[in-house]
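Reading through the structure tokens given below for one structure.
The values are calculated or read from the model by the stated rules, or taken from the named source; none is laboratory data. Owing to the predicted nature of the structure, the values given are computational and were not obtained by experimental measurement. With ideal geometry, Cβ positions are generated from the backbone for all residues, glycine too; neighbour counts draw on all protein chains shown. Remember, those area values only see protein heavy atoms, side chains included, never the ligands or the DNA or RNA. Shrake-Rupley method; radii C 1.70, N 1.55, O 1.52, S 1.80 Å.
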Amino acid sequence: MTRASTIDFGRKNQDELHGLGPLRPANIIRNKFPTFKNGSNGIIIKLADSPGIPSLKDAVAKETADLLDKHQRLSVRELTMKFEKGFNTATLLSNEVKWRHAALLERDILLKNLKSVLESLRIRVAGKNRDEIEESLSMVDILAVQLSKREDELLQQKTEVTKIASSLKLASEDAKRIVDEERANAQLEIENAKGAVQRVRLALKEQENVSQRIEKQDVDELKEEVQEARRVKMLHCPSKAMDIENEIQVLRDQLAEKSSDSVYILKKLELHRRLEENNVPLYVLEGPETLGSMLHIVVRDNASVDFSNASIQWFRIQPEGSKKEIISGAIKPVYAPEPHDVGRYIEAEIKFGGHTSVAKTAGPVDPAAGLADYVEALMRNPETNYNVVVLQVNGVAQPADSLHVLCIGRLWMRLTREKAVVAKEFYSSSMQLCGMRGGGDAAPQAIFWQPRKELSFVLGFETTRERNSALMLARRFAMDCNIILAGPGDKTLW
């Protein structure tokens with residue numbers, strides 16, 4: 001009777017226990033609550049975790065190890081995705097720890113309620129039931145201790161998971177920052193590459209346009225040359241070309257004859273004028289008064305005079321005035337005009353036997369026909385070579401077979417013999433260049449060249465045309481370098 005009532009009372013209290021508010025959440029985590037089984041000594045309580053779920057620490061450690069292992073072979077974007085995945089996993093694990101902590105709190109409430117119920121039952125029952133209740137109380141205490149240990153472990157795991165989550169969050173932020181930097185750098189490189197491609201495209205287009213223009217120009221020039229060649233072929237057969245050359249030569253001879261006749265007439269007029277003024281010159285100048293000729297001093301009545309005892313000096317005279325310019329070194333009875341003398345009168349002053357006489361050209365020195373156009377054509381070339389013979393070196397005569405090559409460039413002059421360089425100098429104020437002034441039959445074809453102060457040459461050319469063109473070409477190139485090439489003692493503009 002007492003046992004039944006005790007049981008009924010316990011059942012009634014159990015029904016009341018189910019009606020309590022704090023015990024209702026225990027039904028939610030009943031599948032995670034520890035199970036009970038009978039043993040030889042009574043009821044044994046055993047905590048059983050879910051066998052399919054690994055520990056939080058192991059899961060996070062495994063995930064971190066995988067990320068570190070794959071870090072070297074992942075791109076920045078993939079690395080960012082992995083860090084975000086690890087961060088999400090750590091967040092889930094942290095939430096799971098929170099849920100387990102909440103479950104532990106509910107278990108603590110459940111154990112406290114269970115212990116209070118057992119305490120109330122122990123007071124109300126006696127005998128064997130009371131012993132069982134006391135044993136149950138001791139087991140509840142053991143369970144509380146085990147739950148507290150498990151709670152400490154969960155708190156430790158929570159701390160570790162929080163640290164790992166913070167590390168993964170920082171790593172994820174660093175990865176995002178790296179991705180942003182790499183994206184900015186990649187965008188900059190793309191823009192630079194686009195600019196380079198655009199520049200290359202423009203350069204290729206410009207080169208294509210230039211090549212097309214050059215090709216078109218070459219084609220036009222080739223067409224003109226072909227047309228000119230056809231015209232020459234049609235109109236200038238060998239016989240006609242020979243006839244034209246003969247006609248040109250005849251015209252040249254006639255021009256030279258007319259020039260000599262005009263010079264003779266001018267000399268006669270000058271002589272007639274001086275006869276009227278009772279100032280008959282004792283000496284006259286003979287020879288064509290053109291560039292490339294030779295002027296000789298002769299006695300008017302054809303008397304023989306030994307000029308070795310006479311003092312001679314040649315001068316240049318401006319046509320619009322009587323200002324004389326001495327020609328230094330021209331002290332012989334003969335003188336070969338050079339390009340500087342073109343357009344000026346030439347005068348020779350002869351001192352003999354205590355008397356001073358003057359011989360003057362009838363008109364200014366005329367230029368050589370076609371020489372200016374020839375020099376303009378040579379100016380288009382960067383350099384021009386002349387075959388020369390070295391007549392003197394520093395005033396000492398040289399063998400007549402010393403064949404050399406004189407190269408006149410835009411910046412320098414060079415004298416070579418075969419492959420050896422005899423002299424090479426840039427245009428400078430110390431360089432001197434003029435026609436040969438020392439007389440001799442080779443004077444119209446010779447020049448005086450002083451590359452530097454301690455070295456000078458007298459060079460002979462093949463023709464007077466080459467000699468005069470070399471003088472004009474070198475002076476034109478030197479003028480482009482702000483240098484005036486003149487002979488010894490000649491006056492320059494600066």
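Numbers for the structure displayed
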item	result
Selection within segment 332-354 - at negative phi and without any contact (Cβ under 8 Å) to a residue 60 or more places away in the chain	ASP341, VAL342, ARG344, TYR345, GLU347, GLU349, LYS351, PHE352
Hey, VAL389 among the aliphatic types (A, V, I, L, M) and within 26 Å of ALA423 (Cβ to Cβ) or not	yes
Selected residue (only one of LYS149, LYS115, LYS70, LYS85 is surrounded by fewer than 14 Cβ atoms within 10 Å (Cβ to Cβ) and at pLDDT 70 or above)	LYS149
ALA443 vs. criteria among the small types (Gly, Ala, Ser), touching a residue at least 24 places away in the same chain (Cβ under 8 Å), closer than 17 Å to ALA330 by Cα and buried (at least 18 other Cβ atoms within 10 Å of the Cβ)	yes
Within segment 179-200, tally of residues that are open to solvent by less than 70 Å² (accessible area, probe 1.4 Å) and under 30 Å from ASN95 (Cβ atoms)	1
Residues of segment 308-357 classified as outside any loop (DSSP other than H, G, I, E, B) and among the basic types (Lys, Arg), total	3
Verdict on LEU154 being closer than 30 Å to ASN88 by Cβ, surrounded by 14 or more Cβ atoms within 10 Å (Cβ to Cβ) and modelled with pLDDT under 75	yes
Selection within segment 392-424 - over 21 Å from LEU485 (Cα atoms) and over 46 Å from the mean Cα position of the chain (by Cα)	VAL396, ALA397, GLN398, PRO399, ALA400, ASP401, SER402
Options VAL232, VAL210; residue that is of a type in the set (A, V, I, L, M), in a helix (DSSP H, G or I) and modelled with pLDDT under 85	VAL232
Yes/no for LEU168 being farther than 30 Å from MET81 by Cβ, touching a residue at least 12 places away in the same chain (Cβ under 8 Å) and part of a helix (DSSP H, G or I)	no
Residues within segment 373-382 that are in contact (Cβ under 8 Å) with a residue 24 or more places away in the chain and open to solvent by less than 80 Å² (accessible area, probe 1.4 Å), tallied	4
Criterion: under 26 Å from SER293 (Cα atoms) and either at pLDDT below 95 or small (Gly, Ala, Ser) (or both) - qualifying residue of GLY409, GLY460	GLY460
So GLU132, is it closer than 30 Å to ASN88 by Cβ, modelled with pLDDT of 75 or more, assigned to a helix (DSSP H, G or I) and not aliphatic (A, V, I, L, M)	no
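Residues are listed down the side, and each one gets a yes or a no for (1) of a type in the set (Asp, Glu); (2) buried (at least 19 other Cβ atoms within 10 Å of the Cβ); (3) out of contact with any Leu (no Cβ under 9 Å at 6 or more places or on another chain); (4) more than 25 Å from GLU466 (Cα to Cα):
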{"position": "SER308", "(1), (2), (3), (4)": "no, no, yes, yes"}
{"position": "GLN313", "(1), (2), (3), (4)": "no, no, yes, yes"}
{"position": "LYS323", "(1), (2), (3), (4)": "no, no, yes, yes"}
{"position": "ILE327", "(1), (2), (3), (4)": "no, yes, yes, no"}
{"position": "VAL334", "(1), (2), (3), (4)": "no, yes, no, no"}
{"position": "VAL342", "(1), (2), (3), (4)": "no, no, no, no"}
{"position": "THR356", "(1), (2), (3), (4)": "no, no, yes, yes"}
{"position": "ASP366", "(1), (2), (3), (4)": "yes, no, no, no"}
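Residue-wise test of (1) at positive phi; (2) among the basic types (Lys, Arg); (3) surrounded by fewer than 22 Cβ atoms within 10 Å (Cβ to Cβ).
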residue: ARG452; (1), (2), (3): no, yes, yes
residue: SER456; (1), (2), (3): no, no, yes
residue: THR463; (1), (2), (3): no, no, yes
residue: SER469; (1), (2), (3): no, no, no
residue: ARG476; (1), (2), (3): no, yes, yes
residue: MET479; (1), (2), (3): no, no, yes
residue: GLY489; (1), (2), (3): yes, no, yes
